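Sharing a structure here in structure tokens format.
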Amino acid sequence: MPTIAVIGAHGRFGTRLCDRLAKIVPDATILATKNKESTTNLVSRADIVALAVRTNQAEEALREISKALKPNAVVVSFVGRYPLAQISTITQRNALRIMVDPFWNTCAY
């Protein structure tokens with residue numbers, strides 16, 4: 001089972017994302033970042049990194065984690081209005097975006 005680090009887990013969306021992941025992937029290890037000091041340590045252990053920060057915080061977060069990412073780590077972005085190509089450029093890893101509509105209980109990637 002994968003190890004998933006959620007960057008921005010202290011926010012409203014990140015908290016709910018951690019809760020939901022624990023329910024739908026019960027055997028996965030969910031690493032929830034609570035502060036900047038723990039971020040690179042948790043990311044270095046993750047197979048999947050879920051980016052759940054505000055748009056204006058995305059680039060700083062990506063630059064902070066890029067050197068700590070495992071070679072085969074995948075970055076999953078929940079950040080709206082931030083270019084997916086920029087995520088791949090900064091991290092030098094595969095990236096994908098997931099958009100969530102909590103009112104309709106749907107998502108797309």
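Quickly work out the Gln57-to-Asn35 label distance, labels modelled 7 Å from Cα along the C-beta direction, and quote it in nm with one decimal.
Distance between label points: 1.5 nm.
Per residue, how big is the convex hull of the chain when only Cα atoms are used? Give it in Å³.
Measuring per residue, one finds 95 Å³ for the Cα hull of the chain.
By the gyration tensor of its Cα atoms, with a ≥ b ≥ c the square roots of the eigenvalues, what is the shape of segment 1-50: rounded for a/c under 1.5, prolate for a/b over b/c, or oblate?
Oblate, because a/c is 1.5 or more while a/b does not exceed b/c.
Can you show me the helix-derived [θ] at 222 nm for the chain, built from DSSP H runs with n ≥ 4 at -39,500 (n - 2.57) apiece and divided by the number of residues, rounded to the nearest 500.
-11000 deg cm²/dmol
Give, in nm to one decimal, the length gained when the segment between Asp47 and Met1 is fully stretched (0.36 nm per residue of separation minus the Cα-Cα distance).
15.6 nm
When we measure straight from the Cα of Lys36, which lysines land under 20 angstrom away, once same-chain ones fewer than 8 places off are left out?
Candidates past the 8-residue exclusion: Lys67, Lys70.
What's the carbon and sulfur percent of the chain's accessible surface, probe 1.4 angstrom, rounded to a whole number?
Reported share for carbon and sulfur atoms: 53 percent.
Still on this structure, I have one more. Accessible area per residue, 1.4 Å probe, Å², for the chain: what's the number?
Per-residue value: 63 Å².
Arg81 to Lys67: extension gain in nm, 0.36 nm per residue of separation minus the Cα-Cα distance?
2.7 nm
Below 20 Å, Cα to Cα, which aspartates and glutamates can Lys34 reach? Residues fewer than 8 away in the same chain don't count.
The qualifying aspartates and glutamates are Asp19, Asp47, Glu59, Glu60, Glu64.
The values are calculated or read from the model by the stated rules, or taken from the named source; none is laboratory data. If you're wondering where the values come from, they're calculated on a predicted model, not measured in any experiment. For neighbour counting, all protein chains shown are included, and Cβ atoms are generated from backbone atoms with ideal geometry for every residue, glycine included. In case anyone asks, the SASA skips ligands and DNA or RNA and just uses the protein heavy atoms, side chains included. Shrake-Rupley method; radii C 1.70, N 1.55, O 1.52, S 1.80 Å.
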